[in-house]
Amino acid sequence: MNHQIHKVSHFERVAVFTLRVEFADDSAQVIDFRPVLTGELYGPLRDPSLFDQVQIDPEAHTLVWPNGADFDPAILHNWPEAGPELEALARSWAVRTK
């Protein structure tokens, strides 16, 4: 099994809950996180003031938030494929928390 290692090198806010994420391999993704901001860990990020506290973890090279939320950089890198799967998972988290 070959799991590529990706590192977030930079990000910028492009809209509410939407970031342009750049990677060490010079690729980038524009990610609207709203569909996955649910559940115990990611749900609090629906507060724009908390979401905007995003930073790059210097050791893991991924996006992190003060409440402990983070995303595997490979998921961010491969968002067009991984994002819909994560959205489906997030819908199941929302059902469980109701």
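The values are calculated or read from the model by the stated rules, or taken from the named source; none is laboratory data. Model, not experiment: these values are computed from the prediction. We place every Cβ from the backbone using ideal geometry, glycine too, and count neighbours over all the protein chains shown.
In table form, for the structure just shown:
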| quantity | calculated |
| --- | --- |
| L76 being over 16 Å from L19 (Cα atoms) and under 12 Å from the mean Cα position of the chain (by Cα) | no |
| Within region 41-98, tally of residues that are touching a Ser or Thr at 6+ places or on another chain (Cβ under 9 Å) and on the phi > 0 side of the Ramachandran plot | 1 |
| Count - residues of region 30-55 that are surrounded by 17 or more Cβ atoms within 10 Å (Cβ to Cβ), touching a residue at least 24 places away in the same chain (Cβ under 8 Å) and either of a type in the set (D, E) or under 15 Å from E12 (Cα atoms) (or both) | 3 |
| Meets criteria (surrounded by fewer than 15 Cβ atoms within 10 Å (Cβ to Cβ), assigned to a strand (DSSP E or B) and basic (K, R)) for R91 | no |
| Condition check for F71: over 20 Å from E85 (Cα atoms) and buried (at least 18 other Cβ atoms within 10 Å of the Cβ) | no |
| Some residue of region 50-60 being at pLDDT below 95, out of contact with any Lys or Arg (no Cβ under 9 Å at 6 or more places or on another chain) and among the hydrophobic types (A, V, I, L, M, F, W, C) | no |
| Residue that is out of contact with any strand residue (DSSP E or B) (no Cβ under 8 Å at 6 or more places or on another chain) and under 20 Å from A60 (Cβ atoms), where the choices are S9, S27 | S27 |
